[in-house]
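Asker: The structure's right below; bear with me while I get my questions together.
The values are calculated or read from the model by the stated rules, or taken from the named source; none is laboratory data. Model, not experiment: these values are computed from the prediction. All Cβ positions, even for glycine, are placed from backbone atoms using ideal geometry, and neighbour counts span all protein chains on display.
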């Protein structure tokens, strides 16, 4: 796609996003532009100092609060799901058909938004957050958000880790990551207006999604293949050949055969398929990726989530150095499940799961550069609105990735000669202000309306209610 077509695509996307705003459309659009071109602000209110935000600082919170205003508590969740699907359709229309791949690749993961000291914020809980200090528990207090994203094809090995976020949703204290993730997958795969509705789709997840509850639900989609990581202490089973009614004795039919313990190599047997491929790291070191696969294995299910009808392929991946020694201490185990899983080669499985780590780059960039976790508000709805605006700002940067110029700083000499023709998210953000000046904005200029009278003299505000931190128990998890 040439520069003219890219500019046209970006302008049309911005116009569709602008028209989707019901209230405060001009302020919201300018806020997204200020966020997309931000290089100095460290808090959300500082975005009002951006040269691309022409309104007063009070319009920042006004725009965030009016991004979505529900008609009432009873219809709040339904209307928010409708808004999520509306934005998903707008973003999905910008996706390009895969060229070198024979499938559409998606990734899913959850990330925390710490709010340890927000006593007036409701529905806070104990959520997982990685901790770099040894001995400290990886736990914080706040909210957790589940992200569903499209993982675009990479033109080169050194291509920047771009993703295209499609769905973002807060995980309440009454829900789990797998429950929300399964609902997002259903919303994505059941929408007939999306360009990939009838095509082969592949999604990749980490080990938290390798549970029977999640795999049994997403396994109902015929054109979806799920690749999830397994913990090395799991026990799987070989599938039994079904017997005829005359050969089978009384009692329940046998579904599960011999055990396949991931930590016990004596139970593995010979793999059904083996391959290997060279891998060159970013530092130029050459390694060998050794891949083994066992077909038609099963895992134990639950009463409400039977797994004997969902056989899968187990994949073992090791990276070896020149001497044949493992580079990493732990072996990677993957489960490939879906009716059309045999259409993927072992190299496809390895390459697809390797790209899952681009989600981690998105979370890091979103929190450091797009202020994803920096919005301080006592309203849960406003926090959810802000996460949606961050999603739209990132999509803008993705659409402008071929228009931006590389602008390294003096101490970033290694960035003066990019290894890829596509610019990284940080570089696009630095140059996005110039792009806005060239293509313009659909937002109208602000009109002076005089000074607000403010609160009446003597007005006393009622203190906000303090909410306790919700701690999930076994009963809550089972009910979810």
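Asker: State yes or no: is residue 79 touching a helix residue (DSSP H, G or I) at 6+ places or on another chain (Cβ under 8 Å), at pLDDT 90 or above and surrounded by 14 or more Cβ atoms within 10 Å (Cβ to Cβ)?
Answerer: So residue 79 does not fit the description; no.
Asker: Could I ask something else about it? What's the total number of residues in segment 212-224 that are touching a helix residue (DSSP H, G or I) at 6+ places or on another chain (Cβ under 6 Å) and surrounded by fewer than 20 Cβ atoms within 10 Å (Cβ to Cβ)?
Answerer: 3
Asker: Given the criteria at pLDDT 90 or above, surrounded by fewer than 12 Cβ atoms within 10 Å (Cβ to Cβ) and outside the structural domain of residue 346 (by TED's automatic domain parsing), does residue 265 qualify?
Answerer: Details: at pLDDT 90 or above: yes; surrounded by fewer than 12 Cβ atoms within 10 Å (Cβ to Cβ): yes; outside the structural domain of residue 346 (by TED's automatic domain parsing): yes.
When the stated conditions are applied, residue 265 passes them.
Asker: Now for a different question. Can you report the number of residues in segment 184-198 which are touching a strand residue (DSSP E or B) at 6+ places or on another chain (Cβ under 8 Å) and without any contact (Cβ under 8 Å) to a residue 40 or more places away in the chain?
Answerer: Within segment 184-198, residues that are touching a strand residue (DSSP E or B) at 6+ places or on another chain (Cβ under 8 Å) and without any contact (Cβ under 8 Å) to a residue 40 or more places away in the chain number 1.
Asker: Kindly establish whether residue 169 is closer than 18 Å to residue 387 by Cα and assigned by TED's automatic domain parsing to the domain that holds residue 299. Before the answer, list the steps.
Answerer: On the way: closer than 18 Å to residue 387 by Cα: yes; assigned by TED's automatic domain parsing to the domain that holds residue 299: yes.
Answer is yes for this residue.
Asker: How many of the residues making up segment 350-364 are touching a helix residue (DSSP H, G or I) at 6+ places or on another chain (Cβ under 9 Å) and buried (at least 21 other Cβ atoms within 10 Å of the Cβ)? Walk me through how you get there before you give the answer.
Answerer: Our first condition is that a residue be touching a helix residue (DSSP H, G or I) at 6+ places or on another chain (Cβ under 9 Å); within segment 350-364, this holds for 361-362.
From what is left, the residues that are buried (at least 21 other Cβ atoms within 10 Å of the Cβ) are 362.
Looking only at that region, the number is 1.
Asker: Shifting gears a bit: Can you name every residue in segment 52-72 that is surrounded by fewer than 17 Cβ atoms within 10 Å (Cβ to Cβ) and in contact with a helix residue (DSSP H, G or I) (Cβ under 6 Å, 6 or more places away or on another chain)?
Answerer: Within segment 52-72, 57, 70 qualify.
Residue-by-condition table, conditions (1) under 18 Å from residue 161 (Cα atoms); (2) in a loop (DSSP other than H, G, I, E, B); (3) modelled with pLDDT under 90:
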site	(1), (2), (3)
376	no, yes, no
381	no, no, no
389	no, no, no
405	yes, yes, yes
414	yes, no, yes
423	yes, yes, yes
427	yes, no, no
434	no, no, no
449	no, yes, yes
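Yes/no per residue for (1) in the same structural domain as residue 388 (by TED's automatic domain parsing); (2) out of contact with any strand residue (DSSP E or B) (no Cβ under 9 Å at 6 or more places or on another chain); (3) more than 16 Å from residue 372 (Cβ to Cβ); (4) surrounded by fewer than 14 Cβ atoms within 10 Å (Cβ to Cβ):
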site	(1), (2), (3), (4)
103	no, no, yes, no
110	no, no, no, no
114	no, no, no, no
119	no, yes, yes, no
124	no, no, yes, no
132	no, yes, yes, yes
140	no, no, no, no
144	no, no, no, no
147	no, no, no, no
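Asker: Now, a different point. Exactly one condition in (1) more than 22 Å from the chain's Cα centre (by Cα); (2) within 19 Å of residue 384 (Cβ to Cβ) is false for residue 46; which is it?
Answerer: All conditions are met except number (2).
Asker: Name the strands (runs of 3 or more DSSP E) wholly within segment 108-226 that hold at least 3 residues that are farther than 24 Å from residue 77 by Cβ and under 16 Å from the mean Cα position of the chain (by Cα)? Quick ask: steps written out before the conclusion?
Answerer: Values: elements: 125-128, 139-150, 164-171, 201-205.
Here the list reads 201-205.
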